[in-house]
Amino acid sequence: QVQLIESGGGLVQAGGSLRLSCAASGRTFVNYAMVWFRQAPGKEREFVAGISRTARSTYYADSVKGRFTISRDNAKNTVYLQMNSLKPEDTAVYYCAARSSGTVDVNSRGYDYWGQGTQVTVSS
């Protein structure tokens, strides 16, 4: 069993930055691919960024490429999402998720564990 706890969300002005963290319980964190999804009101949950279990591969949605960076610290069982140049359309609840196969899937149904989410609001 893996528990995921997100933190770092908040209110920021357009052009600002936030760093989200997702802390995982359990000793098997290193085996999981980790991703961030987001869901805005009235919209479907969408893939934002993902990182393989070894951190050799990272993936980004086109909408965040060049602005967001995903990273992980396996010693701390934590995955991060650095978000720069934030836009109002980035406003959403951000969720981290873990996939035991170790590879990233942009489909949200492919994940074994989810965090509770953290709200990110970007004002114009």
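Figures for the structure shown
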{"quantity": "Filter result for Ser63 (within 11 Å of the chain's Cα centre (by Cα) and modelled with pLDDT of 95 or more)", "calculated": "no"}
{"quantity": "Scope the stretch 35-52; condition of a type in the set (A, V, I, L, M), open to solvent by less than 20 Å² (accessible area, probe 1.4 Å) and either within 15 Å of Thr118 (Cβ to Cβ) or at pLDDT below 95 (or both); matching residues", "calculated": "Val35, Val48, Ala49"}
{"quantity": "Sole residue being out of contact with any Asp or Glu (no Cβ under 8 Å at 6 or more places or on another chain) and under 18 Å from Val120 (Cβ atoms), chosen from Phe47, Phe37", "calculated": "Phe47"}
{"quantity": "Selection count where residues are surrounded by 16 or more Cβ atoms within 10 Å (Cβ to Cβ) and either over 18 Å from Gln116 (Cβ atoms) or modelled with pLDDT of 95 or more (or both), scope the stretch 1-23", "calculated": "10"}
{"quantity": "Residue in the stretch 12-19 that is at positive phi and not polar (S, T, N, Q) present", "calculated": "yes"}
{"quantity": "Qualifying positions in the stretch 78-112 - modelled with pLDDT of 95 or more and open to solvent by 10 Å² or more (accessible area, probe 1.4 Å)", "calculated": "Thr78, Tyr80, Gln82, Asn84, Ser85, Lys87, Pro88, Glu89, Thr91, Val93, Tyr95"}
{"quantity": "For Ala55: the one exception among (1) at pLDDT 95 or above; (2) on the phi > 0 side of the Ramachandran plot", "calculated": "(1)"}
{"quantity": "Flag for Glu44 being acidic (Asp, Glu) and assigned to a loop (DSSP other than H, G, I, E, B)", "calculated": "yes"}
{"quantity": "Cβ-Cβ under 9 Å pairs, at least 6 apart or on other chains, the stretch 94-122 side on the phi > 0 side of the Ramachandran plot, far side open to solvent by less than 50 Å² (accessible area, probe 1.4 Å) and outside any strand (DSSP E or B)", "calculated": "Gly102/Tyr32; Gly102/Ser52; Gly117/Gly9"}
{"quantity": "Cβ pairs under 6 Å, 6+ apart, first in the stretch 43-55 and closer than 16 Å to Ser21 by Cα, second among the hydroxyl-bearing types (Ser, Thr, Tyr) and modelled with pLDDT of 95 or more", "calculated": "Ala49/Tyr60; Gly50/Tyr59; Ile51/Thr58"}
{"quantity": "Residue check for Ser71: of a type in the set (S, T, N, Q) and either within 11 Å of the chain's Cα centre (by Cα) or loosely packed, with under 14 Cβ neighbours inside 10 Å (or both)", "calculated": "yes"}
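The values are calculated or read from the model by the stated rules, or taken from the named source; none is laboratory data. The shown structure was predicted, so the numbers you read here are calculated from the model rather than taken from an experiment. With ideal geometry, Cβ positions are generated from the backbone for all residues, glycine too; neighbour counts draw on all protein chains shown. The accessibility values were calculated without ligands, DNA or RNA, using every heavy atom of the protein model including side chains. Shrake-Rupley method; radii C 1.70, N 1.55, O 1.52, S 1.80 Å.
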